[in-house]
Amino acid sequence: MFEQAFKNIDDALRKEAGCTTELDYTEQTSWLLFLKYLDGLERDIRSFLSERTAMTLRASKTAYLLLALLLAGGVAACGENSVDETTRTGVLSVKTPSTLASSDMPTVAPQLAPVRTDVPPTATQPASVLTKTPSPGAAREVELAYAIVDTGQLTFYNSEGSIIAPGPGDPLYGQDAGHDGLQPSYVDNGDGTITDLVTGLMWQQDLRQKATYPEAIDSAGRFDLAGHDDWRLPTIKELYSLVMFSGTDPSGCEGGRNCDAIPFIDTAYFDFEYGDAYEGRRKIDSQFVSATLYVGTTMRADEAVFGVNFADGRIKGYPISLRGQENDFYVRYVRGNHSYGTNDFVDNGDGTITDLATGLMWSIADSQVGLNWGDALSYCDGLDRGGSDNWRLPNAKELQSILDYTRSPSTSGTAAVSPLFEVSSITDESGRTNYPAY
């Protein structure tokens, strides 16, 4: 029945598009025609469908429209939550996968296999995006081993709070909320696991009992869920992929006051808890541990491990033990796509670097002077480098993607980024050479 129904849809679309052959139809059929067909279909069946079913159809139509816009090349993002514009930081610029022209691509052809289209992405098959190939005018689907999930940032800001969306040429134009990246796409497998269709990672859905860092590492080897026994503690880059910047700061909820704080993770799929005051914890005490150790030491010379606080959306280095007592953390195990978080940089020889793992192109050099946020947005928007002028300020997840957690000023004598990048040096408060914030 369904096979014939889909054939009827194909025939109708082919005739409406004026295509006489299968090849013409494949090349010319547009998403708009498909949406038009859905409009007619919805009208025809509304008389005997329940309102709930009709709502589902409308939601499906909207999803197709969003997919059409994504494939058309609107992948971009920049900016963070409300920021003090007087803070001056260094700036790195980035270009998005959909805006990479054939001249932007490295001379070394990426060794990436086409994504299958007959099955949905799984934990071993990451999502794909359309990106330009070295052949002018051609495009193909390629796997991104390290696909960056969009931040979920929806609000525009100035230094005082939320604002209406700035237009081209306006101050603060180019914020993250004005660009759509690869939108989060999860599947509840119904067995205690969640599959991320963008990253190809499978996650544990519920919260395990809090554990110390050594316990979290050791228990992963014995963890068995949904018939899988290859679970691991996620790296900081894997864990940060789950962060949603549509969350809100819960600081005002302290002292037992009620508030409408929103966690920085999609609670429609993942279990989450704020800190329990009855256990002597703060509202923001919702730290999830990663497998990534800080190669330096904290102010007290304590060994530290990176983690993500999904109560307030921050990455921090947490002491593994404090004053002789081991700290405990929430734990969420992951499996699949072992390449996630691994960069594949190519120096293009024109002042730019392409990361074949993420599909992003970066400027090699930073701004060399500190800029406030508004000036940083303008700087990237007006940048002309590597023969391209469509640069933008990266969002928080994109910027985090180029970090190298095996480096630090105290151990490697460098910034925590690949030596391919040119990083300005600064003199810190103690008079020592250090590196800027971006």
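The values are calculated or read from the model by the stated rules, or taken from the named source; none is laboratory data. None of the values given here were measured: they were computed from a predicted structure. Using ideal geometry, Cβ is built from the backbone for each residue, glycine included, and neighbour counts are taken over all protein chains shown.
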query: Under the condition of being among the β-branched types (Val, Ile, Thr) and in a loop (DSSP other than H, G, I, E, B), which residue from segment 278-309 is nearest to the chain's Cα centre (by Cα)?
result: 284
- request: Take residue 238 and decide whether it is modelled with pLDDT of 95 or more, over 30 Å from residue 157 (Cβ atoms), among the acidic types (Asp, Glu) and not in a loop (DSSP other than H, G, I, E, B).
  value: no
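Here is a check on your reading of the model: is residue 424 modelled with pLDDT of 90 or more and of a type in the set (S, T, N, Q)?
Answer is yes for this residue.
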- request: Output the number of residues of segment 322-344 satisfying the condition of being free of Cβ contacts under 8 Å to residues at least 60 places away in the same chain and outside any loop (DSSP other than H, G, I, E, B).
  value: 2
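Which of the residues that make up segment 349-390 are in contact with a helix residue (DSSP H, G or I) (Cβ under 8 Å, 6 or more places away or on another chain) and over 23 Å from residue 425 (Cβ atoms)? Talk me through it step by step, then tell me what you get.
Residues of segment 349-390 that are in contact with a helix residue (DSSP H, G or I) (Cβ under 8 Å, 6 or more places away or on another chain), as a first pass: 352, 354-355, 358-361, 367, 371, 386-388, 390.
Listed by number, the residues that qualify are 354, 355, 358, 359, 360, 361, 386, 387, 388, 390.
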- request: Filter segment 189-208 down to residues that are among the acidic types (Asp, Glu) and surrounded by fewer than 15 Cβ atoms within 10 Å (Cβ to Cβ) and give me whichever is farthest from the chain's Cα centre (by Cα).
  value: 191
message: Only one of 274, 294, 278, 269 is over 27 Å from residue 183 (Cβ atoms), surrounded by 16 or more Cβ atoms within 10 Å (Cβ to Cβ) and among the aromatic types (Phe, Trp, Tyr). Can you tell me which?
response: 294
field: Members of segment 228-260 that are small (Gly, Ala, Ser) and without any contact (Cβ under 8 Å) to a residue 24 or more places away in the chain
entry: 252, 255, 256
- prompt: With 138, 145, 123 as the choices, which residue is modelled with pLDDT under 50 and within 23 Å of residue 360 (Cβ to Cβ)?
  reply: 138
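Go over the candidates 312, 350 one by one and state the one that is buried (at least 17 other Cβ atoms within 10 Å of the Cβ), among the acidic types (Asp, Glu) and part of a loop (DSSP other than H, G, I, E, B).
After applying the criteria, what remains is 312.
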field: Boolean, residue 230 is over 24 Å from residue 317 (Cα atoms), touching a Lys or Arg at 6+ places or on another chain (Cβ under 7 Å) and surrounded by fewer than 18 Cβ atoms within 10 Å (Cβ to Cβ)
entry: yes
